[in-house]
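Worksheet for the structure shown next.
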Amino acid sequence: MERLPVQSSNIRSVGHDFQRNALEVEFSNGRVYEYGNVNVDEAAALLRAKSVGSHFANIIKPVKPATLIFNGPRP
């Protein structure tokens, strides 16, 4: 899934797969999580938010199931 860079101190990039309703979030530490049951409107709202990090922390993270898909940079 292609991710777009975002302006955030905690989030590096965000991508959405509308067919699977999945959101990928790459954090500044290199970890990538997939969040399920995120529809296209929710993903668009995240990208439009004044603060992507706050929107994510308050709206998506508390209610969407997460799976770690990459655990950060490898040595």
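Nothing in this text is a laboratory measurement; each read-out follows from the coordinates by a stated rule. No experiment lies behind these values; they were computed from the predicted model shown. Here the Cβ is made from the backbone with ideal geometry for all residues, glycine too, and neighbour counts use every protein chain on show.
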Report task. Determine which member of the set 45, 66, 22, 49 is of a type in the set (Gly, Ala, Ser) and touching a residue at least 24 places away in the same chain (Cβ under 8 Å). Result -> 66
Query raised in the report: Would the stretch 34-45 turn up any residue that is among the β-branched types (Val, Ile, Thr), surrounded by 19 or more Cβ atoms within 10 Å (Cβ to Cβ) and under 9 Å from the mean Cα position of the chain (by Cα)?
Result: no
Query raised in the report: Among the residues of the stretch 46-55, which ones are small (Gly, Ala, Ser) and either exposed (fewer than 12 other Cβ atoms within 10 Å of the Cβ) or part of a helix (DSSP H, G or I) (or both)?
Result: 53, 54
Query raised in the report: Which number in (1) of a type in the set (Val, Ile, Thr); (2) assigned to a strand (DSSP E or B); (3) free of Cβ contacts under 8 Å to residues at least 24 places away in the same chain marks the one condition that residue 14 misses?
Result: (3)
Query raised in the report: In the list 58, 29, which residue meets the criterion of being assigned to a helix (DSSP H, G or I) and either out of contact with any Phe, Trp or Tyr (no Cβ under 8 Å at 6 or more places or on another chain) or touching a residue at least 60 places away in the same chain (Cβ under 8 Å) (or both)?
Result: 58
Report task. Read through the list (1) under 12 Å from residue 68 (Cα atoms); (2) exposed (fewer than 15 other Cβ atoms within 10 Å of the Cβ), then give the number of the only condition that residue 2 fails. Result -> (1)
